[in-house]
Amino acid sequence: MSTPMLLGARAILAAGVLACLAGPWLFDANSLTVLTEFFIVVTLALMWNLLAGYADIISVGQQGFVGVGAYAFFGFTALLHMSVWAAVPLAALTTLLIAVPVMAVIFRLRTAYLAVGTWVAADVLMLIAGKLPGFGGGSGTSLPIPVVKQFGARLGDRIDMFYALSLGLALIAFLATWALLRSRIGLGLTAMRDNEEAAGSSGVDLVRTRILCFLWTAPFLGLAGVMTALEKLRVAPTASFNITDWTIDIIFIVVIGGIGSLEGPILGAILFFLLRQWLADFGAWYLILLGVISIGVILFEPKGLWGACRRWGFPDILPAGHAPGPGAPERVAGPDAQEAPAARTVG
Amino acid sequence: MADRNETVSAGGPPAEAVILALAGVSRRFGGLRVIEELSLTVRPGEILGVLGPNGAGKSTLFNLIAGVLPPNEGSIHIMGRDVTAMTVWRRRRLGVGRTYQVPKPFAHMSVFENVLVAATHGGGLSIPAGRREAQRALALTGLAALAAKPAGTLSLLNLKRLELAKAVAGKPRLLLLDEIAGGLTDAECEDLLAILTAIHREGATIVWVEHVIHALKRIASRLAVLHFGAIICEGAPDAVLADERVREVYLGA
Ligand SMILES: Nc1ncnc2c1ncn2[C@@H]1O[C@H](COP(=O)(O)OP(=O)(O)OP(=O)(O)O)[C@@H](O)[C@H]1O
Ligand SMILES: [Mg+2]
């Protein structure tokens, strides 16, 4: 019954992706800048959702890796004078390398302590960034003009380029995460999401899966950090490592949209940007409203908007699951599951 | 017997003849002593029935064997290996499948995916091989027609079947079954016994905790009675059920 709805949803999604791909020809500079930020936020939301929604790692220190990515990019380009195209992958690699010792420390902790641990780790990284020579200390510094110009000689070209890069990042982050969830590891991860103890009893290595997940997010967070540096054309401890922008807002987004799904973070990010555009004039009220909505969702619909859609029987637009496939009967037994015949093959 | 060598300590039966050996195992929850100095040996090919009043510690015993809980004292050997400190997932891969008395489905995954998790991770199979194994386990437990349903929508009866399908996926050598026959009609119980007989014939050793004694008696080769965390009687089914103390604590006669 929901097939037309599903096709409709997929059509809207495909149209949205096509419009984004054609963005530079369709939208003005202002819209492109907002969308650039939107793609960064989608990437961050996908990563926070992977950790919190699947691996049960509640991070409030995601901004730490965003900041590392931004600072690494600044270091490789402005200080070491490397090409920006070499600096981008190196920034991702640096974030991954920094994530290893961070993980070794915070994985000794669980639940709320782990959350606090991620926050402390991010703060330490921010303090170190503020002390690094050449990075402008506590007030930060601008990206040198020659670095910026490598992305395009004219402002309009650069806006297009930043847009393309952050769109590419969001698409890759999405496709890679989708592929991860479809894999054997992702199967275990999804089982962990639903019941951690039972996942372990079914043979899922909870420790290795968690480690992989945490390290998986690091390079994407670092790349998002590169994009924040390009968007602002500067790095600064308080901006590059901003907990509100890169973690708290992201938590709102994932919680409202639907934790533990691929659709939820995207839905939440769209909602977040729409609310922000509409309510920008209300200043603090906007944040208060966002908080109220989040609390409402946690109380009444813990799996968010997408969880509500699922409960109403809406199938996943972007399924990461495994259909029973050929060999299994296609028809599902009557509405009452209890009527299923027992042990047809035996006896 | 508390040594943690790779093999069962001398004095016990030789390693190959024992699939599961518990030696002096104790487990407390705070001040509550749930399992006390329990020793137990299970040989390959056995079907051991475990009886005991509510709260005797049967499910806790399974949690200790499967590795969900560590014991406070004692050691556990499986197939000659000391698994006392081994994680639950490594024990599952070694060949210990278990069902939960209160089903723990992956509620937002399909029935098929639930079993696929156990086949790929627990059975160590690739996804294509795991798919075939999952389909086998679903057919065996009579769940094939429900494969595409979200596990969270199943009835309790089918959730128990799903527990069994997850436990047998990947053909573990030791199966721990926790009260899977409760609430079945006579016909369903016959089906279940036929399934268990088939699984047993394929080479699985079974430890079955069950209150439905008439079902247990039909296939168990040995019974053990647990009372306040200790085995008070074990042996041939008829002898155990006729035992004075067993009738007293368990059958209330
Ligand atoms: N995780 C736990 N924390 C605290 N107490 C526990 C825990 N697990 C079990 N217990 C207690 O240990 C005792 C034995 O419980 P267990 O579930 O092993 O009994 P059982 O023999 O399986 O009973 P039943 O026949 O009702 O299933 C009970 O008193 C129970 O409350
Ligand atoms: Mg029990």
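If you check B:164, B:140, which single one turns out to be more than 8 Å from chain A (Cβ to nearest Cβ), in contact (Cβ under 8 Å) with a residue 40 or more places away in the chain and out of contact with any His (no Cβ under 8 Å at 6 or more places or on another chain)? Full working, then the answer.
Values: B:140 fails: more than 8 Å from chain A (Cβ to nearest Cβ).
Every option except B:164 fails the conditions.
Are any residues in segment A:48-97 within 30 Å of residue A:197 (Cα to Cα) and of a type in the set (A, V, I, L, M), and if so, which ones?
Listed by number, the residues that qualify are A:50, A:51, A:52, A:55, A:57, A:58, A:60, A:96.
Quick check on segment A:93-102. Is at least one of its residues over 29 Å from residue A:147 (Cα atoms) and without any contact (Cβ under 8 Å) to a residue 12 or more places away in the chain?
Checking segment A:93-102: at least one residue is over 29 Å from residue A:147 (Cα atoms) and without any contact (Cβ under 8 Å) to a residue 12 or more places away in the chain.
How many residues are in a helix (DSSP H, G or I) and either modelled with pLDDT under 90 or surrounded by fewer than 17 Cβ atoms within 10 Å (Cβ to Cβ) (or both) if we restrict to segment A:131-147?
Residues of segment A:131-147 that are in a helix (DSSP H, G or I), as a first pass: A:131, A:137-139, A:145-147.
Those left that are additionally either modelled with pLDDT under 90 or surrounded by fewer than 17 Cβ atoms within 10 Å (Cβ to Cβ) (or both): A:131, A:137-139, A:145-146.
So the answer is 6.
So the check is Cβ under 8 Å with 6+ separation or different chains; which pairs have a first residue in segment B:51-70 that's in the same structural domain as residue B:212 (by the TED database) and a second one that's near ligand 1 (Cβ under 6 Å from one of its atoms) and among the basic types (Lys, Arg)?
Once the first residue is in the same structural domain as residue B:212 (by the TED database) and sits in segment B:51-70, its partners that are near ligand 1 (Cβ under 6 Å from one of its atoms) and among the basic types (Lys, Arg) give B:52/B:58.
For (1) within 13 Å of chain A (Cβ to nearest Cβ); (2) away from ligand 1 (no atom under 13 Å from the Cβ); (3) closer than 13 Å to residue B:49 by Cβ, each residue gets a yes or a no:
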site	(1), (2), (3)
B:189	yes, yes, no
B:192	yes, yes, no
B:206	no, yes, yes
B:210	no, no, yes
B:214	no, yes, yes
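Taking residue A:117, is it touching a residue at least 12 places away in the same chain (Cβ under 8 Å) and either within 19 Å of residue A:225 (Cβ to Cβ) or polar (S, T, N, Q) (or both)? Spell out the reasoning first.
Numbers: touching a residue at least 12 places away in the same chain (Cβ under 8 Å): yes; either within 19 Å of residue A:225 (Cβ to Cβ) or polar (S, T, N, Q) (or both): no.
So residue A:117 does not fit the description; no.
What about residue B:33, is it buried (at least 20 other Cβ atoms within 10 Å of the Cβ) and in a strand (DSSP E or B)?
Working: buried (at least 20 other Cβ atoms within 10 Å of the Cβ): no; in a strand (DSSP E or B): yes.
Taking the combined requirement at face value, the residue does not satisfy it.
So which residues in segment B:78-105 are closer than 19 Å to residue B:163 by Cα, more than 16 Å from ligand 1 (Cβ to nearest atom) and in a loop (DSSP other than H, G, I, E, B)?
Listed by number, the residues that qualify are B:95, B:105.
What's the number of the condition residue B:129 fails, among (1) within 19 Å of the chain's Cα centre (by Cα); (2) hydrophobic (A, V, I, L, M, F, W, C); (3) more than 8 Å from chain A (Cβ to nearest Cβ)?
(1)
Out of the helices (runs of 4 or more DSSP H) lying entirely within segment A:232-283, which hold 3 or more residues that are surrounded by fewer than 18 Cβ atoms within 10 Å (Cβ to Cβ)? Steps first, answer last, please.
Values: elements: A:237-240, A:249-257, A:263-279.
By residue number, A:263-279.
Could you check segment B:45-55 and list, in sequence order, the residues that are assigned to a strand (DSSP E or B) and either more than 13 Å from ligand 2 (Cβ to nearest atom) or surrounded by fewer than 19 Cβ atoms within 10 Å (Cβ to Cβ) (or both)? Step through it out loud before you land on a result.
So in segment B:45-55, the residues assigned to a strand (DSSP E or B) come out as B:47-51.
Across segment B:45-55, the qualifying residues are B:47, B:48, B:49.
Please work out which one of (1) part of a loop (DSSP other than H, G, I, E, B); (2) surrounded by 14 or more Cβ atoms within 10 Å (Cβ to Cβ) is the condition residue A:167 fails and give its number.
(1)
Can you confirm whether residue B:172 is within 15 Å of the chain's Cα centre (by Cα), at the interface with chain A (Cβ under 10 Å from one of its Cβ atoms) and away from ligand 1 (no atom under 16 Å from the Cβ)?
So residue B:172 fits the description; yes.
Give the residue, chosen from B:145, B:181, B:187, that is on the phi < 0 side of the Ramachandran plot and in contact with a helix residue (DSSP H, G or I) (Cβ under 8 Å, 6 or more places away or on another chain). Explain how you work it out, then say what you get.
On the way: B:145 fails: in contact with a helix residue (DSSP H, G or I) (Cβ under 8 Å, 6 or more places away or on another chain); B:187 fails: in contact with a helix residue (DSSP H, G or I) (Cβ under 8 Å, 6 or more places away or on another chain).
One residue alone meets the criteria, B:181.
Among the residues of segment A:170-183, write down those that are assigned to a helix (DSSP H, G or I), within 14 Å of chain B (Cβ to nearest Cβ) and surrounded by fewer than 16 Cβ atoms within 10 Å (Cβ to Cβ). Step through it out loud before you land on a result.
Initially, segment A:170-183 is screened for residues assigned to a helix (DSSP H, G or I), giving A:170-182.
Imposing the further condition that a residue be within 14 Å of chain B (Cβ to nearest Cβ) reduces the set to A:179-182.
Within segment A:170-183, just A:179 meets the criteria.
Given the condition surrounded by fewer than 18 Cβ atoms within 10 Å (Cβ to Cβ) and more than 16 Å from ligand 1 (Cβ to nearest atom), answer yes or no: does some residue in segment B:56-75 qualify?
yes
Determine if segment B:61-75 includes at least one residue that is at pLDDT 95 or above, away from every other protein chain (no Cβ under 14 Å) and within 16 Å of ligand 2 (Cβ to nearest atom).
The answer is yes; a qualifying residue exists.
Report the residue count in segment A:193-210 for those that are in a helix (DSSP H, G or I) and not hydrophobic (A, V, I, L, M, F, W, C). Spell out the reasoning first.
Filtering segment A:193-210 for residues in a helix (DSSP H, G or I) gives A:193-194, A:196-201, A:206-210.
Among the residues that remain, those that are also not hydrophobic (A, V, I, L, M, F, W, C) are: A:193-194, A:196-197, A:200-201, A:208-210.
So the answer is 9.
The values are calculated or read from the model by the stated rules, or taken from the named source; none is laboratory data. The structure presented is a predicted model; accordingly, all values stated were derived computationally and were not measured. Here Cβ is always computed from backbone atoms with ideal geometry, including for glycine, and neighbour counts include all displayed protein chains.
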